[in-house]
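Below is one structure, written out as structure tokens; comments come after it.
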Amino acid sequence: MPETRSPRLAVLIDADNASAKIVDGLFEEIAKIGEASVRRIYGDFANARSKAWIDVLARHAIIPQQQFAYTTGKNASDITLVIDAMDLLHSGRFDGFCLVSSDSDFTRLASRIREQGIDVFGFGEQKTPESFRQACRRFIYTENLLSSAPTNGGDATQATPSLQPPSAAAPIIRKVIAQMESEDGWVPLGAVGTQLANLSSDFDPRTYGFRKLSDLVKKTNAFEIDHSDSRPLRIRVKQPSAKKSAK
């Protein structure tokens, strides 16, 4: 049987709105999605703000697209990125696009690519406007791509620097459980994870300090967990104790 090829991805980086510090974690994350067939970065590399990228371009085979800032206030880099993205889209060679930027100006580009039936994966800082985050099939905060460090009582293999406390994840997890059909309130954790990705493109356990959704769920202390050997892990919203109910 022929070997199944990983999805082909076009990685387009906005150097003006992305830090070179994320580059290792960025391509590790992209490798989980597919093959980064095209790797291009756009910016004025004569500008001090973009010079940090020069040291990492060769290591990751990123092709720089130099755009000199001839006119103040006109972002030629953004325009060139959009033109290239549309050319690559219409080539029909790619299964997905990775747009690396925190700039909301790329919201329409992400929407247009998805209208064509192609997945868009966004990478940007937590400050990225919601419009761009939600225009992507999935959005990954670049803060989560930096080197891990022990937090939230975990070890370095389980935890990452958290952007929000675990308790902040409880409301959206409750919302997903409420949307799922269940006679007794128990739902498979795997199905919860799938629905979370559909409901919120930027949901990521690492944002709350954990690599696994199961570890995050446990740390919220808001859910009961059923981990039987005979079936997949299930969760449900914690029920009030009989003693508290009686009161």
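The values are calculated or read from the model by the stated rules, or taken from the named source; none is laboratory data. This is a predicted model, so every value here is computed, not measured. Neighbour counts are summed over all protein chains in view; Cβ atoms, including those assigned to glycine, are modelled from backbone coordinates with ideal geometry.
Tabulated data
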item: Every residue from region 220-247 that is modelled with pLDDT of 85 or more and not in a loop (DSSP other than H, G, I, E, B); result: THR220, PHE223, GLU224, ILE225, ASP226, ARG234, ILE235, ARG236, VAL237
item: Selection status of LEU216, touching a strand residue (DSSP E or B) at 6+ places or on another chain (Cβ under 9 Å), of a type in the set (A, V, I, L, M), within 23 Å of ILE140 (Cβ to Cβ) and part of a loop (DSSP other than H, G, I, E, B); result: no
item: Residue identified as at pLDDT 95 or above and among the polar types (S, T, N, Q) among SER101, SER148; result: SER101
item: Selection count, region 171-213, where residues are part of a helix (DSSP H, G or I) and closer than 15 Å to PRO232 by Cα; result: 7
item: Single unsatisfied condition, ALA48 versus (1) of a type in the set (A, V, I, L, M, F, W, C); (2) free of Cβ contacts under 8 Å to residues at least 12 places away in the same chain; (3) crowded, with 19+ Cβ neighbours inside 10 Å; result: (3)
item: All positions within region 10-44 that are in contact with a strand residue (DSSP E or B) (Cβ under 8 Å, 6 or more places away or on another chain) and in a loop (DSSP other than H, G, I, E, B); result: ALA18, GLY34, ASP44
item: Residue match in region 43-56 (condition: within 19 Å of GLU125 (Cβ to Cβ), aliphatic (A, V, I, L, M), in contact with a helix residue (DSSP H, G or I) (Cβ under 6 Å, 6 or more places away or on another chain) and in the same structural domain as GLY92 (by TED's automatic domain parsing)); result: yes
item: Sole residue being within 13 Å of VAL100 (Cα to Cα) and in contact (Cβ under 8 Å) with a residue 24 or more places away in the chain, chosen from ARG5, ARG39; result: ARG39
item: Filter pass, ALA168 being outside the structural domain of THR142 (by TED's automatic domain parsing), free of Cβ contacts under 8 Å to residues at least 60 places away in the same chain, under 18 Å from the mean Cα position of the chain (by Cα) and outside any loop (DSSP other than H, G, I, E, B); result: yes
